[in-house]
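K.L.:
Got a structure for you, written out below as C-alpha cells; questions coming shortly.
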Amino acid sequence: MSGPLAGIRVLDMTSVLMGPYATSILGDMGADIIKLEAPEGDLIRQVGPSRSGAMGGMFMHANRSKRSIVVDLKKPAGRDVALDLARTADVLVYNLRPQAMERLGLGYEAVAKARADIIYVGTFGFGQDGPYAAKPAYDDLVQGLCAVPALIADAGDGTPRYAPINIADRVVGLHALAVILAALRHRDRTGQGQRIDVPMFETMASFVLGDHLGGLSYDPPLDDGGYARLLAPDRRPFRTADGYLCAVIYTDRHWQRFIDIAGRDDWRGDPRFASHASRTRNMAGIMTSVAAIFLTRSTAEWERLLGEADIPHARMHTLDSLLSDPHLVEVGFFPTSEHPSEGPVRTMRVASQWSASQPEPEKPAPRLGEHSREVLAEAGYSAEEVRRLVAAGVVTCLEARD
C-alpha cells in the first residue's frame, strides 16, 4: 500500500453511500479498507446499470480501493469473525443504528475488548441523546428535516423538492472522514481509542444553517433567517438569446463593469446597488432585472463581454457535456481502467494534488466476497478454518459464490 495513510486498516461495515463514500476516500489515501458485506451484498450494488448486474456505477465509485469479505453477522460465528477482524483494524466504521450493533454483539464495549485503542465510528441518523435516537434515516428524510426542500420552494415556484444529489449522505460522509482523521491524530498523541457518533441530522442541520440561520443567530432575532442571495428566484443559470450561462456578479467592481455592459447608467445612483449589503437585501428584484438583460444577447456574446470585464462566468454543463469539459480532459480527470467483471470503465482521479505523497486509487471496487480468503488469512485463520466457515455459511468467498 502507498499513499499518506499507508499502514492504517479500516474495517468498513457500512453500506449504500454515506459510509462507503467516506471510506473510499480513506482507501484512495492508502488505507487498507476491508469492506464487510452481508451474504446478499451491499444494496447499492444493484443501483444503476452494470455489465455483471452487481456493480452499479454509484457502488463502483464509492467502493474503489477496498477489499470485500462476506460474513453472515446473524450467526454467532460471524460475530466472532468480525471481532477477529476488528483486532487487526485501526478504525471500525458502521452505519447501522447503534441498537442494531448492540444486538449483533458488536457494540463499542465488545469491540473495544477486542482492541482497546480502536476508533469506533458510527454514521447514522440521529444523536443518541435525543428523542429521534432510534429512528431510521435516509438522505431524503434528512434533507426534509433540515429544510432543504422548503428552501428550494422559497427560491423557486413554491414546490418543495429534494436536491437531486445525495447531498446529506455525501456531506455527512465527508464529515465522518474528517472525524476519523482527527481521531487517528488524537490516538497518535495519546494512545487512546474512542467511540465517535456522526449523526446525519445534526451534521446536516449545521451545514444548512451555516448559510441560512442569518438573523436568527441573535436573541432577539434580527430577521426570519435565510440568505437572500441564495434564495432569489432568479439565482439560476441565466437564459441567453440562444442558451444558458452561469454568472456571478458579486463585488462592487463586478457590478460597476456589468452596469457598463448593460448600459444601465440609471443603476449607478440607485441605492439598491450602493453596497454589497444593500444588494443582498434587494437581491430578488435585482436578479430579475439582470435575468431580463441576459436574454438580449447570445451565450457567446456574453462570454466575450464578461470575459473582457473579468466578471466570473461559466457555461452550464449537462452530465454528458461535463464528461468532455476541456479542463477535465486536459487534466486527465476521467481515466479509463479495466475492471475484472465490468471491463473498461470510466473512473475519476483524486482531485487534490500532493507534492510528496499523491493519493491514488489502489484497486477497483471489489466483487462480492472477492477477498474473503486473503483477509481471513491475514487475520490468522488457517485454510482449514476458512473451509469450515465457508461450509457453515458463515463466510462466503467469490469462488464459492461463482
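All of the numbers you see were taken from the coordinates with simple rules; none came from a lab. Since we're looking at a predicted model, the values are computed, not measured. Note: ideal-geometry Cβ built from the backbone for every residue, glycine included; neighbour counts use all protein chains shown.
K.L.:
Return the single residue from Gly27, Gly48, Gly130 with maximal mean-square fluctuation; model: Gaussian network over the chain, springs between Cα atoms under 10 Å.
P.N.:
Checking each option, the largest mean-square fluctuation is seen for Gly130.
K.L.:
Further, regarding this structure: Collect residues whose amide H, placed 1.01 Å from N in the peptide plane, falls under 5 Å from the amide H of His339; neighbours closer than 5 in sequence don't count.
P.N.:
So His339 has HN proximity to Val345.
K.L.:
Give the Kirkwood hydrodynamic radius (Å, one decimal) of segment 13-72, defined as one over the mean of 1/r across all pairs of different Cα atoms.
P.N.:
Hydrodynamic radius (Kirkwood, Cα pairs) of segment 13-72 is 11.5 Å.
K.L.:
Run the numbers on the chain and let me know its relative contact order in percent, using alpha-carbon pairs under 8 Å that are six or more apart.
P.N.:
20 percent
K.L.:
Now a separate question. Which FRET efficiency, nearest 0.05, do Arg346 and Tyr227 yield, Cβ-Cβ r, R0 41 Å?
P.N.:
Using R0 = 41 Å, I get an efficiency of 0.70.
K.L.:
If you take the beta carbon distance between Glu399 and Thr318 as r and set R0 to 45 Å, what does 1/(1 + (r/R0)^6) give as a FRET efficiency, to the nearest 0.05? Please report the intermediate quantities before stating the final value.
P.N.:
Values: r = 42 Å, r/R0 = 0.94.
The calculated FRET efficiency here is 0.60.
K.L.:
Give me the base-10 log of I(q)/I(0) for segment 204-243 at each q in 0.17 Å⁻¹, Debye formula, one uniform scatterer per Cα, rounded to two decimals.
P.N.:
Taken in order of the listed q values, log10 I(q)/I(0) reads -0.56.
K.L.:
Of Asp139, Asp310, Asp169, which has the largest mean-square fluctuation in a 10 Å C-alpha GNM of the chain?
P.N.:
Most flexible of the set in this elastic network: Asp310.
K.L.:
Grab the beta carbon distance between Ile293 and Leu213, set R0 = 30 Å, and tell me the FRET efficiency rounded to 0.05.
P.N.:
Working from the Cβ atoms, E equals 0.40.
K.L.:
Got a sec? Which residues in segment 228-257 would a label at Arg161 touch, if it sits 7 Å along Cα→Cβ and we count backbone N under 16 Å?
P.N.:
Answer for segment 228-257: 231-239.
K.L.:
List Leu230, Leu306 from most exposed to least, where exposure is judged by having the fewest other Cβ atoms within 10 Å.
P.N.:
Leu230, Leu306
K.L.:
Highest GNM mean-square fluctuation, the chain, Cα pairs closer than 10 Å: which of Asp28, Asp266, Asp223?
P.N.:
Comparing Asp28, Asp266, Asp223 in the GNM, the peak value goes to Asp266.
K.L.:
Just the number, please: percent antiparallel of the DSSP beta bridges in the chain, rounded to the nearest 5.
P.N.:
Antiparallel bridges: around 30 percent, rounded to the nearest 5.
K.L.:
Where a ≥ b ≥ c are the square roots of the eigenvalues of the C-alpha gyration tensor, would you call segment 88-222 rounded, which needs a/c under 1.5, or, failing that, prolate if a/b is larger than b/c, or oblate?
P.N.:
Details: a/c = 2.50, a/b = 1.93, b/c = 1.29.
Prolate.
K.L.:
Just from its helices, what would the mean residue ellipticity at 222 nm be for the chain, if runs of 4 or more DSSP H residues each count -39500 (n - 2.57) and the sum is divided by every residue, rounded to the nearest 500 deg cm²/dmol? Display every interim value, and only then the final one.
P.N.:
On the way: 19 runs with 166 residues, N = 402.
Roughly -11500 deg cm²/dmol at 222 nm, from the helical runs in the chain.
K.L.:
A further question follows. Using θ = phi - 60° and the Karplus relation 6.51 cos²θ - 1.76 cosθ + 1.60, list the HN-Hα couplings for segment 226-235 in order, rounded to whole Hz, with x at every Gly or Pro.
P.N.:
x, 8, 4, 4, 6, 9, 4, x, 9, 7
K.L.:
Give me the one-decimal nm value for the distance between modelled label points at Thr336 and Glu301, 7 Å along each residue's Cα-to-Cβ direction.
P.N.:
Distance between label points: 4.1 nm.
K.L.:
Go through segment 70-76 residue by residue and turn each phi into a ³J(HN,Hα) via Karplus (6.51, -1.76, 1.60, θ = phi - 60°); whole Hz please, and just put x for glycine and proline.
P.N.:
So the Karplus estimates, Gly and Pro as x, are 9, 9, 8, 6, 7, 9, x Hz.
K.L.:
Label points 7 Å out from Cα along the Cβ direction at Ser2 and His327: separation in nm?
P.N.:
Placing both labels 7 Å beyond Cα along the Cβ direction yields 2.8 nm.
K.L.:
Okay, next question. Calculate the dipole size of segment 238-315 relative to its Cα centre from +1 charges on Lys and Arg beta carbons and -1 charges on Asp and Glu beta carbons; express the result in debye to the nearest 20.
P.N.:
240 debye
K.L.:
Return, for the Cα atoms of segment 238-315, the radius of gyration and Dmax in Å, separated by a comma.
P.N.:
That works out to 11.9, 33 Å for Rg and Dmax.
K.L.:
Could you run the Karplus curve 6.51 cos²θ - 1.76 cosθ + 1.60 with θ = phi - 60° over segment 387-399 and give me ³J(HN,Hα) per residue in whole Hz, x for Gly and Pro?
P.N.:
4, 5, 5, 5, 4, 7, x, 7, 10, 10, 10, 4, 5
K.L.:
Using amide H atoms built in the peptide plane, which far-off residues or other-chain residues are under 5 Å from Phe124 H to H?
P.N.:
Val198, Met200
K.L.:
Continuing with the same structure: Distance check, please: which entries in Lys35/Lys113; Lys113/Lys135; Lys135/Lys363 exceed 24 angstrom between their Cα atoms?
P.N.:
Lys113/Lys135; Lys135/Lys363
K.L.:
Considering amide H positions built from the backbone, and no H for Pro or chain starts, which residues 5 or more places from Leu92, or on another chain, come under 5 Å of its amide H?
P.N.:
Close amide H contacts, sequence-distant or interchain: Leu11, Ile119, Tyr120, Val121.
K.L.:
Let me ask something else. If you filter segment 1-75 for trypsin sites (Lys or Arg not before Pro), then keep DSSP loop positions with at most 16 other Cβ within 10 Å, what is left?
P.N.:
The qualifying sites are Arg51, Lys74.
K.L.:
Here is a follow-up. Contact order normalised by length for segment 110-188, with contacts defined as Cα pairs under 8 Å and 6 or more residues apart; what percent is it?
P.N.:
It rounds to 26 percent for segment 110-188.
K.L.:
To continue, here is another question. Among His327, His175, His276, His313, what is the fewest-to-most ranking by other Cβ atoms within 10 Å?
P.N.:
His327, His276, His313, His175
K.L.:
Also, I was wondering about something else. Length gain on complete extension for the stretch Ala77 to His186, per 0.36 nm per residue less the alpha carbon to alpha carbon distance?
P.N.:
35.9 nm
K.L.:
Based on other C-beta atoms within 10 Å, arrange Thr280, Thr23, Thr123, Thr347 from fewest to most.
P.N.:
Working: Thr280 13, Thr23 30, Thr123 26, Thr347 16.
With the sparsest Cβ surroundings first, the list reads Thr280, Thr347, Thr123, Thr23.
K.L.:
Separate question: Taking 0.36 nm per residue of sequence separation and subtracting the Cα-Cα distance, how much length would be gained by fully extending the chain between Arg103 and Asn282, in nm to one decimal?
P.N.:
58.9 nm
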